[in-house]
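What follows is calculated from the coordinates using simple rules that are stated; it is not laboratory data. What you see is a predicted model, and the numbers here were worked out from it, not measured in a lab. Cβ: placed from backbone, ideal geometry, glycine included. Neighbour counts: every protein chain shown.
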Amino acid sequence: MVEGKKEELLEAIRNAGVCGAGGAGFPTYAKLAAQVDTIILNAAECEPLLHKDKEILRHYPDVVLAGFTAAAELTGASHLYIGIKNKNHSLIEQLRGSVSSGIEIVTVRDVYPAGDEITLVYHVTGRIVPPGEIPLAVGTVVINVETAYNITNALRGVPVVEKFLPVAGAVADPCTLRVPVGISYRECIDHVGGPTVSNPAYLIGGVMMGRLEKEASGRVTRTTGGIVVLPSDHPVVERYNKTWKEKARIGRSACDQCGFCTELCPRYLLGHPIEPHLAMRSLVYNNVGDSLILGSSFCCECNLCSLFACPESLDPKDACVWNKEEMAEANKNWKEPAFRPEAAETLLPNRQVPTSSLMARLGLNRFNNRGPLQPEPVSTSIAGLPLKQHIGSPASPRVSVGDKVDSGDIIAALPDSGDKKQLGLPIHASISGRISEVSKDMVWIES
């Protein structure tokens, strides 16, 4: 591709506000600026009860594949793969009739966390991303299904003002919605018939890696992965309700160092030096000895150790997170981490956790495990738009109270620092109306 043309396309993707829709929100233009030989479309959605990616692919295959192909061209990738769970038989057959000859569909087992990009790179390509590195280290870029959808729109001049949002669990009609960015969680839940329990709690992002909300008062962002409604007395909610002080106290007294958390850790099984049982041991010794804590920096926080592996319902994941915070404060890191890539062949095949086993352990089988897409967009009269919806610098408001805006207008952009390499994205109005409030963190629009 001609360099000038590439710059122009990357700028269009940046101006449209495209970021990773399935994770932390890394700006997509920066990821696609790399040169690699392999690109993977991550369709291996693995959070229990959520079905967004396969629904987008089922309804909009041409849009997704156009964005994926454009991403491949921008990165120079010659090997194009779609990583998808082998249980999605009908969708796989549909895709076989849609993909071009240069794209290979690779099926992966229905295990958790198959959608973790480091794990997916290994299952699709056989390459193992070294500890502390990203897929780029092995010549690979991974993009999410919704991100590919948004790339196509961006190249057509359409910014990211909508979000595909699965709403699942204890609700009347579990499904995947198309909603404006900035809509309230409560409106989304009401749109699917509301909670079916009298004491609902809300996991924003998913059961395994989400965060707990009691009032569903937040706003949907470009990176919101989904909403799972559960009864407040559900065991998973009770786990999320515990404070770190409680978890640490119980961990100190109850962990018997069985090692199950380590033996089932997805990153340990790829040879990374993460050993959650050592993080638990560090609780007893008050983090004395770097050998107990340094491996925590390679934890992907998938929560499998805490919510599945531990037979005593302890929290190795949170011990790892605690150690990460302590290391950051002390400026500690593992400069030359140990790496055992042979583990992927000797350990991984027999230690992957089937999603069915995970759902049974978590008590999720009582809920309707479906999420068909409702293609008709949901509307709202009030949109609350956070100015930090991505990795990088937050956007600064470009509007004032009383201004009239149309959907798609830029309402916030990066501060003008003169640094053209400054990482960040603009924010766009997701509905038409007037600006009702502006703060350093949010812009509110009322139609």
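Distance from the alpha carbon centroid of segment 346-364 to that of segment 81-135 works out to 18 angstrom. Modelled spin labels at Ala172 and Glu345, positioned 7 Å past Cα toward Cβ, are 5.7 nm from each other. By the Cβ rule of 4.7 Å, the chain holds the following cysteines without a possible disulfide partner: Cys19, Cys46, Cys175, Cys188, Cys255, Cys258, Cys265, Cys300, Cys302, Cys310.
Among the GluC sites (Glu not before Pro) in segment 129-195, those located in a DSSP loop and surrounded by at most 16 other Cβ atoms within 10 Å of their own Cβ are Glu133. Candidate values (1) 33, 27, 23; (2) 37, 23, 20; (3) 38, 28, 19 were compared with semi-axes √(5λ) of the Cα gyration tensor in Å computed on the shown model; the agreeing label is (1). Only one residue of Ser184, Ala168, Val138 has its Cα farthest out toward the positive end of the dipole of segment 110-187, where Lys and Arg carry +1 and Asp and Glu -1 on Cβ, and that residue is Ser184.
Were the residues from Asp190 through Asp233 laid out at 0.36 nm apart, the gain over their Cα-Cα distance would be 13.4 nm. Over the chain, DSSP H runs of length four or greater, each weighted -39,500 (n - 2.57), average out per residue to a 222 nm ellipticity of -8500 deg cm²/dmol.
Spatially, segment 236-299 and segment 14-59 are offset by 30 Å when compared through their Cα centroids. For GluC sites (Glu not before Pro), the sites in segment 320-419 that DSSP calls loop and that have at most 14 other Cβ atoms within 10 Å are Glu342. What's the FRET efficiency of Ser198 with Thr243 using the Cβ-Cβ distance as r and R₀ = 22 Å, to the nearest 0.05? Computed FRET efficiency for Ser198 and Thr243 comes out at 0.30. By the rule of a C-alpha distance below 17 Å, with chain neighbours fewer than 8 residues away ignored, the aspartates and glutamates paired with Lys247 are Glu238, Asp256, Glu301, Glu312, Asp315, Asp318, Glu325, Glu326. DSSP finds beta bridges in the chain, and of those with both partners inside it, around 60 percent are antiparallel. Past the 13 angstrom mark, what percentage of all C-alpha to C-alpha distances in segment 382-446 do you count? Percentage above 13 Å: 57. Between Gln94 and Tyr285, full extension at 0.36 nm per residue minus the direct alpha carbon distance yields a gain of 63.3 nm. Of Ala330, Ala24, Ala148, the residue with the greatest mean-square motion in the GNM of the chain, using alpha carbon springs below 10 Å, is Ala330. Stretched out straight at 0.36 nm per residue, the stretch from Leu423 to Ala24 would grow longer than its current Cα-Cα span by 142.3 nm.
Computed from point charges on the beta carbon alone (+1 for Lys and Arg, -1 for Asp and Glu), the dipole magnitude for the chain about its Cα centre is near 340 Debye.
Within segment 428-446, which residues have the backbone N less than 18 Å from the label spot 7 Å out from Ile382 along Cα→beta-carbon, could you tell me? Counting only backbone N, you get 430-446.
Based on C-alpha pairs under 8 angstrom that are at least 6 apart in sequence, the chain has a relative contact order of 18 percent.
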